[in-house]
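What follows is a short report on a single structure.
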């Protein structure tokens, strides 16, 4: 019997879906045994079937699917910003992509200022992946939900400052990543709300 995807502890099946699971878009493909899926109530997008046996097949809700996808895209889009801050703190000549291109190489006395923002970005990345159920939850989910909305709002303001930067490279390159990251954070944050909220 095919069970709905409702249990949070099954989430690792989603994260490892490429190597271990066959995914079928509802209504577009037949199942491995040649039959088609029966009509299903609710917003169901995927039917997931294990390749090597083991766990039973399950359905993947479309809202949950979108949140997982947004979480992974947002995390990938956030990595260049984290890498840039680390590189700038280490003295890389990438100043054209930050701080309105005030410095080509960040002076040693200014580099210490990158420690807190970089640490905060790692926390934001962890919150995103936890809220999107990609990483296991090690803090209460209500706290994760609040932090997800906080960082979504924070990144929205950060994106605005980047887009108004006078430096072309910061505005065009880092601004593009910031827009994608902000959108994905909002999708993930709203995905943490109970259905019907």
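What follows draws every value from the coordinates through simple rules; no lab data is involved. Model, not experiment: these values are computed from the prediction.
Derived value for region 70-191: Kirkwood hydrodynamic radius 14.7 Å. Basis is the mean of 1/r over every pair of different alpha-carbon atoms. So if each residue of separation counts as 0.36 nm, and I subtract the Cα-Cα distance between residue 111 and residue 193, what length gain in nm does that give? So the extension gain works out to 25.7 nm. In region 85-149, Cα pairs under 8 Å separated by at least six residues give a relative contact order of 23 percent.
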